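A.B. asks: Take a look at this one; I'll ask things after.
The values are calculated or read from the model by the stated rules, or taken from the named source; none is laboratory data. Fair warning: this is a prediction, and the values are worked out from it, not measured in the lab. Cβ placement follows ideal geometry from the backbone for every residue including glycine, while neighbour counts extend to all protein chains displayed. Quick note on the areas: whole protein, heavy atoms, side chains included, nothing else; ligands and nucleic acids left out. Shrake-Rupley method; radii C 1.70, N 1.55, O 1.52, S 1.80 Å.
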Amino acid sequence: MFVCLALLFLHVTSSLARDFPPASKTGRFVNFERPFVKIGSKTFRLAPAARIIDTNNRLIQPIHLPVGARVVYKIEDTTGFVHDVWLLAPNEVVNILQ
């Protein structure tokens, strides 16, 4: 019974829309070469405590960012480093581009 409830909870929470910070930007991931990440035509330094979140809201390592993936990213105001990166699911890409 507990396992069924846990699976139901995971399914419901994974289907909820994610909210991104208002100051975040969108782009297409191009390349990662420690400590830099290239999104679109711009290269940014990745913050030491950067969080990269996949489409299932799990933390992943920068090396696992798929080339060409659509992402939402947030830049720290004080340093200019990329602090948060979210991989977008196909349905999120449609919603964000509208």
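A.B. asks: Using 0.36 nm per residue, how much length does the chain from residue 28 to residue 67 gain when fully extended, once their Cα-Cα distance is taken away?
C.D. replies: 13.2 nm
A.B. asks: Give me the net charge of residue 25's neighbourhood, meaning all other residues with Cβ under 10 Å from the Cβ of residue 25; Lys, Arg count +1, Asp, Glu -1.
C.D. replies: Details: positive: 42, 74; negative: none.
Summing Lys/Arg as +1 and Asp/Glu as -1 gives +2.
A.B. asks: Further question on the same structure: Add +1 for every Lys or Arg and -1 for every Asp or Glu among the other residues with Cβ under 14 Å from the Cβ of residue 72, and state the total. Kindly include the intermediate steps, with their values, before the conclusion.
C.D. replies: On the way: positive: 18, 25, 28, 51, 70, 74; negative: 19, 54, 84, 92.
Here the count lands on +2.
A.B. asks: Something else: With each pseudo-label sitting 7 Å past Cα toward Cβ, what's the residue 45-residue 17 distance in nm, one decimal?
C.D. replies: Calculated label separation equals 3.6 nm.
A.B. asks: On to the next question. Using a 1.4 angstrom probe on heavy atoms only, work out the carbon and sulfur share of the accessible area of segment 41-98 in %.
C.D. replies: Summing carbon and sulfur atoms, their accessible area is 54 percent of the total for segment 41-98.
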